[in-house]
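Student: First, the structure itself, so that you have it in front of you.
The values are calculated or read from the model by the stated rules, or taken from the named source; none is laboratory data. Keep in mind the model is a prediction, meaning the values are calculated, not measured. Heads up, the Cβs are rebuilt from the backbone with ideal geometry, glycines too, and the neighbour counts pull from every protein chain shown. Quick note on the areas: whole protein, heavy atoms, side chains included, nothing else; ligands and nucleic acids left out. Shrake-Rupley method; radii C 1.70, N 1.55, O 1.52, S 1.80 Å.
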Amino acid sequence: MNELKFAFRQLLKSPGFTAVAVLTLALGIGANTTMFSVLNTLLLRALPYPSSGRLVRVFRTSPQSQTWPHSVANFFDHREQNRVFERMAAFSWWSFNLAEPGQPAERLRGIVATADFFPTLGVAAALGRTFTTEEDQPGRNKVVVLSHSFWMRHFAGDTNVIGHTLRLDGESVTVIGVLPASFEHPLLWGILDACRPAAFTPAQRQNRGNNWLNALARLKPGVPLGRAQAEMSAIATRLAQAYPDSNAKDNVRLVPLKESEMGDTDRHLTWLTMGLAGFVLLIACANLANLQLVRAATRARELAVRAALGAGRVRLMRQLLTESLVVSLLGGALGLLLAFWGGEFIGGRMRIANEPGLNLAPDATVLIFALLCSLLTGLVFGTVPAWVASSADVNDALKESSRGTTPSRSQHRLRQTLIIGEVALALVLLTGASLFLRGLQRFTHRDPGWRVDGLLTGWLSLPGTKYERPDQQLAFFQRLEERLAVLPGVERAAISSSLPIWAFGSSRTIAVEGRPAPPPGQEPLVYAEAVSPSYFETIGIQLRQGRVFASTDTTNQADVVVINEAMARQFWPDENPLGKRIGSRDARDPEWQEIVGVVSDVRFPANLSVPDTRLQIYRPFAQEPRQFAAIELLTIGKPEGVAAAVRRAVAEIDPDQPVNELDGARKIVDRNLANLGLVGTLLGSFAALGLVLAAVGTYGVISCFVAQRTGEIGIRMALGAQKRDVLWLVLGRGLRLILVGALLGFGGALATARLLAAAIPELPARDPMAIAVITIGLIAVALLACWLPARRAAQVDPMQALRYE
């Protein structure tokens, strides 16, 4: 207690030092605590399900991807043959069309799942029950379980909702349960309104070629993940041998369910941001260590007197460390307040499942992190200065005058080393932030190969009960396209199976006529889109060779296909691809399709992940109708201006059919990139803070150098030294430190650039010129910080300096 009281008295005697130290630490600890709160919420915090550590996602892997879905038949084989899972369930994200009497049709977001989905997660209904195995059968699946949020929003929490009938996808279904609020986890499931039984048909249970099903499982108690992985891989190997046409080269990968919340790109970016925030704290610690060294030099006589009176080295170090820890704890407390504000700022702007808002309220883990961060920083910036100060020679210190502040040679070297470290860390921090921001800017301004501006897009999901046959689906979309094309303000309208915003919706493997068949499992993978004839002109994809589709390309005519340039380069680099044929990988019935055109490549402007394939093919919608489809409207004015007319047009054709996500393509892209923009803002803030701290630290060291050598400078000027000589004396000292730091930081900057390129391959972040400009800019800022005290030194009056000495 005596040491604490003394530490507080000493800090109150130096309010300037105390304020600067506490504020510096608060900024560093606040930035790191905020980022740890994000990291904890996204990657570390346990899922809200019982024994969630035993829950795993079961992915299918292939040479093209490590996160493929499964076919229904393969899922049942995996579930029945394994001995490591307590339960295994399947699910798929779905949408349901809700049509209430007298109300406009509404899209509900949800999932279809097997009956053991909720038992696998360990979730019971908060009201009513979940569906049973008997209800997970075709014809018996007319039940629905509501999410808590939809129940509150649509039924105002009415407990009499059980037994209520809803009209979903054109049929009446009965509400049998309401899920607890704790089940909803947008990072895993997105925004959920309802859950229905999957109810696989006999044909689906036999199909191994249609992979659309996600799987999760609960490990048996005591079964490690490695053992489960080995057994599931063995099952996948047996299935590949038994069914080489569909399962060759397929394997299974188990990932903890918590880790499956985010993709690799998002996970790498989160860790990268956390790491760069740590650099801010390291720069702050270096600054405070320098301040402590200066302060220790001014207190050299006091420490010598205490040592002469019997205080041992450990006692002196303990006192100085106590002061450092008090400062760090005060800074940590203020940093925690900043972290609360930072969490609200980030949480309010982060989009999860394309919806704004993420709760980043600090929990016990975050509070413990802030405390440990405070204690660690106190030790980091306090230990070395305390060791140096406590090791001073008592006799020399007592011989000094009462103002004796001349530091030892070891203190000089230590302070210079700290400045070198600050400059190096600041350069790495600036490089990481600048490359990301420049890369993101270049990515967003890159031509995606299609028209984003001026385009209104939306989704429609036709219920299978009402539009079961392909000819019914085709008739609906053809009628809709004709109706949309004549709306006021619409220049062109088109239909496609998906939108090229995040990725195309479906992919398939193909065979090329006249080429030897590749080994099983290594067939070329292509994105496959079904589009109406006006699609290419509507969204601005350029025709390079041949023709696009015509209204005559129907089921009564030969199957045709349009390919992209990447595919033409890969398979026919020196030939004309027109007239060539591609087909399915089924050698017995390849279903050959003739290539009639080549169009420009399409990129996905909202996706920084590496696409599954660069190859793209297009099929006439009339020859390959889909149940789910997108609409694209090229508008004369603002795309949003015709949204209401589009909804009316759809309702005129089918009042039960809603239009989903109807908005301008540019707005949809911007929403998908909002989180990346937020990361850029954070990195830019960290870089600016690091630059300021490094500049302030450099200024402090050079100012101290000038103050300690005032007498020498006065003598030099009295003997004829010019102002420029004094100016260069000071600048030369600073420049040497800055250049050494920049040299070390340049290596770190190159490593950061490579790390960023590996973490986000699609981000055009390779920019050596930017690294060079950043390095020169940092040197210029640091030199400016040196020039201010150098200018002051050059204006020293020799007589006053000598009189002072």
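Student: Answer yes if at least one residue in the stretch 25-43 is within 24 Å of V679 (Cβ to Cβ) and more than 25 Å from the chain's Cα centre (by Cα), and no otherwise.
Tutor: Yes, some residue in the stretch 25-43 is within 24 Å of V679 (Cβ to Cβ) and more than 25 Å from the chain's Cα centre (by Cα).
Student: List the pairs whose first member sits in the stretch 699-722 and is within 19 Å of L783 (Cβ to Cβ) and modelled with pLDDT of 75 or more, whose second member is surrounded by fewer than 20 Cβ atoms within 10 Å (Cβ to Cβ) and among the aliphatic types (A, V, I, L, M), and whose Cβ atoms are under 7 Å apart, counting only residues at least 6 apart or on separate chains?
Tutor: Y699/L788
Student: For the stretch 161-178, how many residues meet the condition of being open to solvent by 50 Å² or more (accessible area, probe 1.4 Å), of a type outside the set (V, I, T) and in a strand (DSSP E or B)?
Tutor: 2
Student: Exactly one condition in (1) at pLDDT 75 or above; (2) in contact with a helix residue (DSSP H, G or I) (Cβ under 7 Å, 6 or more places away or on another chain) is not met by A300; state its number.
Tutor: Tallying (1) at pLDDT 75 or above; (2) in contact with a helix residue (DSSP H, G or I) (Cβ under 7 Å, 6 or more places away or on another chain), A300 fails exactly one: (1).
Student: Looking only at the stretch 214-233, which residues are without any contact (Cβ under 8 Å) to a residue 24 or more places away in the chain, out of contact with any strand residue (DSSP E or B) (no Cβ under 8 Å at 6 or more places or on another chain) and part of a helix (DSSP H, G or I)?
Tutor: Selection gives G226, A230.
Student: Can we say P50 is of a type outside the set (G, A, S), free of Cβ contacts under 8 Å to residues at least 24 places away in the same chain and either open to solvent by 20 Å² or more (accessible area, probe 1.4 Å) or more than 30 Å from G690 (Cα to Cα) (or both)?
Tutor: no
Student: Here's something else I'd like to know. It is to be established whether one or more residues within the stretch 201-210 are crowded, with 19+ Cβ neighbours inside 10 Å and within 15 Å of V112 (Cα to Cα).
Tutor: The answer is no; no qualifying residue exists.
Student: Hand me the list of helices (runs of 4 or more DSSP H) wholly inside the stretch 625-724 holding 3 or more residues that are within 24 Å of T24 (Cβ to Cβ).
Tutor: 674-708
Student: Being open to solvent by less than 30 Å² (accessible area, probe 1.4 Å) and of a type in the set (D, E) is the filter; apply it to the stretch 492-551 and report the residue that is farthest from the chain's Cα centre (by Cα).
Tutor: Going through the qualifying residues, I end up with E523.
Student: Return a yes/no flag: does the stretch 563-572 have any residue that is in a strand (DSSP E or B), within 35 Å of the chain's Cα centre (by Cα) and buried (at least 16 other Cβ atoms within 10 Å of the Cβ).
Tutor: Yes, the stretch 563-572 has at least one match.
Student: If you check every pair at least six apart or on different chains, which have Cβ atoms under 8 Å apart with a residue in the stretch 640-654 that is among the aliphatic types (A, V, I, L, M) first and a residue that is in a loop (DSSP other than H, G, I, E, B) and open to solvent by 70 Å² or more (accessible area, probe 1.4 Å) second?
Tutor: Sorted first by the residue in the stretch 640-654, then by its partner, the pairs are V642/P488; A645/P488; A651/P104.
Student: OK, next. Can you say whether R792 is open to solvent by 40 Å² or more (accessible area, probe 1.4 Å), assigned to a helix (DSSP H, G or I) and touching a helix residue (DSSP H, G or I) at 6+ places or on another chain (Cβ under 7 Å), as far as the supplied structure shows?
Tutor: yes
Student: Now, a different point. So which of T613, T635 ends up being touching a Leu at 6+ places or on another chain (Cβ under 8 Å), touching a residue at least 60 places away in the same chain (Cβ under 8 Å), among the hydroxyl-bearing types (S, T, Y) and closer than 23 Å to R544 by Cβ?
Tutor: Step by step, each of T613, T635 is checked, and only T613 is touching a Leu at 6+ places or on another chain (Cβ under 8 Å), touching a residue at least 60 places away in the same chain (Cβ under 8 Å), among the hydroxyl-bearing types (S, T, Y) and closer than 23 Å to R544 by Cβ.
Student: Within the stretch 597-619, which residues are open to solvent by 20 Å² or more (accessible area, probe 1.4 Å), touching a strand residue (DSSP E or B) at 6+ places or on another chain (Cβ under 9 Å) and within 20 Å of S534 (Cα to Cα)?
Tutor: Within the stretch 597-619, D601 is the sole residue that qualifies.
Student: Kindly evaluate R129 against the criterion of being open to solvent by 30 Å² or more (accessible area, probe 1.4 Å), in contact (Cβ under 8 Å) with a residue 40 or more places away in the chain and among the basic types (K, R).
Tutor: yes
Student: Taking only pairs six or more apart or across chains, which ones have beta-carbon atoms under 7 Å, a first residue in the stretch 139-158 that is touching a residue at least 40 places away in the same chain (Cβ under 8 Å) and at negative phi, and a second residue that is open to solvent by less than 40 Å² (accessible area, probe 1.4 Å) and among the polar types (S, T, N, Q)?
Tutor: V145/T130
Student: I need every pair where a residue in the stretch 741-768 that is of a type outside the set (A, V, I, L, M) and surrounded by fewer than 17 Cβ atoms within 10 Å (Cβ to Cβ) has its Cβ under 7 Å from the Cβ of a residue that is modelled with pLDDT under 85 and in a helix (DSSP H, G or I), sequence separation at least 6 or different chains.
Tutor: Note: pairs meeting the criteria are R766/A757.
Student: I'm trying to understand the selection: among the residues of the stretch 359-384, which are outside any helix (DSSP H, G or I) and either within 22 Å of S324 (Cα to Cα) or open to solvent by 30 Å² or more (accessible area, probe 1.4 Å) (or both)?
Tutor: Those that are outside any helix (DSSP H, G or I) and either within 22 Å of S324 (Cα to Cα) or open to solvent by 30 Å² or more (accessible area, probe 1.4 Å) (or both): N359, A361, P362, D363.
Student: Considering the stretch 438-456 alone, what residues qualify as being open to solvent by 70 Å² or more (accessible area, probe 1.4 Å) and within 19 Å of the chain's Cα centre (by Cα)?
Tutor: R438, Q441, R442
Student: Okay, next question. Just to be sure, is Y467 closer than 24 Å to Q657 by Cα and either of a type outside the set (F, W, Y) or open to solvent by less than 10 Å² (accessible area, probe 1.4 Å) (or both)?
Tutor: When the stated conditions are applied, Y467 does not pass them.
Student: Any idea how many residues of the stretch 96-116 are surrounded by fewer than 21 Cβ atoms within 10 Å (Cβ to Cβ) and of a type in the set (S, T, N, Q)?
Tutor: Here the count works out to 1.
Student: If you scan the stretch 93-112, which residues turn out to be touching a Cys at 6+ places or on another chain (Cβ under 7 Å) and of a type outside the set (V, I, T)?
Tutor: Correct list: G110 only.
Student: Also, quick follow-up: Could you run through the stretch 229-266 and say how many residues are surrounded by fewer than 17 Cβ atoms within 10 Å (Cβ to Cβ) and among the polar types (S, T, N, Q)?
Tutor: The qualifying residues number 3.
Student: If a residue counts only when it is over 30 Å from E652 (Cα atoms) and under 32 Å from the mean Cα position of the chain (by Cα), which strands (runs of 3 or more DSSP E) contained entirely in the stretch 48-134 have at least 3 such residues?
Tutor: It comes to 55-61, 85-98.
Student: Kindly check whether there is at least one residue in the stretch 179-188 that is more than 25 Å from V58 (Cα to Cα), modelled with pLDDT under 95 and surrounded by 14 or more Cβ atoms within 10 Å (Cβ to Cβ).
Tutor: no
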